[in-house]
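Here is the structure we will look at.
A short reminder: the numbers here are calculations on the coordinates, not readings from a lab. Note that this is a predicted model, so its numbers are computed, not measured. Neighbour counts are summed over all protein chains in view; Cβ atoms, including those assigned to glycine, are modelled from backbone coordinates with ideal geometry.
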């Protein structure tokens, strides 16, 4: 048998190498072809994929907006509760301050009282801006007004023996300062008018020689005086925010009628209130926005 010569082995090795190269080329072409065949499918699925992507992104953004909205509401509630708490504490502090005789006599009383008033009015203005849950604010302010008016009209026993205290004047000044904000001031006037009517009805049935008569007489005078001061100080300002304007005006006219029925017992009240009524009518007549009030009420005021 003839042996294989080197010249015959070389072509065989070369053929093996060529075969490997061909295999690599074939594999590469198969991969390329597979890729090319898959492209139409990808192009068809791409719009659907993009749609899903944007829908998911929109959903995520909506969830984020909702989360931020919930967080904002939570913060608003927190700050509102803080503002209400500050208003309540300031009102209670002012009442306690006025009901402590030793504090009223001290020089720093005015400074402390004015700080409390500023806190109260600041909180009220903040609540008016939001306009939410005003029932709580109404309750705090109404209670504050009632307490201050009661304190103004009810001197403590040691104050009766100490004319230098003059707590009545101090508290009247505090109430006037509170009237700087229409929301508070008009509620003060409404309360004052109700109080004047109550005192007048009580005096009609009271024995002039009753030991409580001088104090009631003094309370009546200081209430009418407070009404006069508030109306003179703020009527024009309040006309920009009518609020309870018509309501307290009706209450004032009712109080005037009640006092007129006392003329034979004490014409002094009627004379004083007639002067206040004249000044009130003059100011109302100068404010055009108030001319749209109920005509019957205006007629009674100007009569």
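Points to keep in mind about this one:
- Tensor-based shape of the stretch 181-303 (alpha-carbon gyration tensor, a/c under 1.5 rounded, otherwise prolate or oblate): prolate
- Centroid-to-centroid separation of the stretch 204-264 and the stretch 62-97 [C-alpha atoms, Å]: 37 Å
- R0 of 22 Å, Cβ-Cβ distance residue 236-residue 294: FRET efficiency to nearest 0.05: 0.65
- Overall form of the stretch 66-178 per C-alpha gyration tensor (a/c, 1.5; a/b vs b/c): prolate
- Cα gyration tensor shape of the stretch 101-230, rounded if a/c is under 1.5, else prolate or oblate by comparing a/b with b/c: oblate
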